1. With +1 on the Cβ of every Lys and Arg and -1 on the Cβ of every Asp and Glu, and nothing else charged, how large is the dipole of region 48-138 about its Cα centre, in debye rounded to the nearest 20?
2. To make sure I understand the rule: partners must be aspartates and glutamates, Cα under 18 Å from the Cα of LYS121, and not fewer than 8 residues away in the same chain. Which ones qualify?
3. Taking 7 Å along the Cα-to-C-beta vector as the label spot, tell me the ILE122-SER140 distance in nanometres, rounded to one decimal.
4. Between ARG131 and VAL60, what length in nm is gained on full extension when 0.36 nm per residue of separation is reduced by their alpha carbon distance?
5. Where in region 124-143 does the amide nitrogen come within less than 18 Å of the point 7 Å from the Cα of ILE109, taken along Cα to Cβ?
6. Please work out whether region 60-143 counts as rounded, prolate or oblate from its C-alpha gyration tensor, where a ≥ b ≥ c are the square roots of the eigenvalues and a/c under 1.5 means rounded, while otherwise a/b larger than b/c means prolate and anything else oblate?
7. Within 10 Å of each candidate Cβ there may be at most 14 other Cβ atoms; applying that plus a DSSP loop requirement, which chymotrypsin sites (Phe, Trp or Tyr not before Pro) in region 63-143 survive?
8. Run down the aspartates and glutamates and flag those whose C-alpha is under 13 Å from the C-alpha of LYS47, throwing out any fewer than 8 positions away in its chain.
Amino acid sequence: MANVRNWKGGVVRRLMIHKKLTLISTLGIGLVIVATKALGTPSVVPKAYAIAEINVTDPVAYKSYVDAVTPVVADFGGKYLVRAGVVVPIEGDAPTGRFVIIEFPSLAIARSFETSPQYLKIASLRQRASRSRLFLAEGSSSH
């Protein structure tokens, strides 16, 4: 009879240990998954946008600017989203002239484009051929 009790007690103890180990390993796997998601997710850098309202005063000179600036925009990872298309006013006055939006990978890159020697060398072409309002805007980091 004592052997049966010892055998049952041993089985119960082994089952309890097995349950505890299963619980500990499940919790450990859960922690690894949470940590991987928290630490493994790269931070999202918001995109940035160069926005311009341009009233062209000299179309021939402005064409020279467009031809010169396009490859510089591309060199900085810029992508034209809007380039002189139709603007439909909803509230207030629509911009007069051209409206341009260029997307850049980040605000830092957009700033480096605007202050780069390549761009500064040709910006005077736009300034002589138009009146412009230009600004940079950082996009939302939530996608």
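Please treat every number below as a calculation from the coordinates, not as lab data. The structure displayed is predicted, hence computed values, not measured ones. Neighbour counts run over all protein chains shown; Cβ positions are idealised from the backbone, glycine included.
1. The calculation lands at about 280 debye.
2. Once the sequence-local aspartates and glutamates are set aside, what remains near LYS121 is ASP67, ASP75.
3. Each label point lies 7 Å from its Cα, and together they span 3.3 nm.
4. Numbers: separation 71, 0.36 × 71 = 25.56 nm, distance 1.46 nm.
The span from ARG131 to VAL60 would gain 24.1 nm if fully extended.
5. Answer for region 124-143: 136-143.
6. It is oblate, given that a/c is not under 1.5 and a/b is not larger than b/c.
7. On the way: sites: TYR65, PHE76, TYR80, PHE99, PHE113, TYR119, PHE135; in loops: PHE76.
The qualifying sites: there are none.
8. Cα-Cα hits under 13 Å: GLU103, GLU138.
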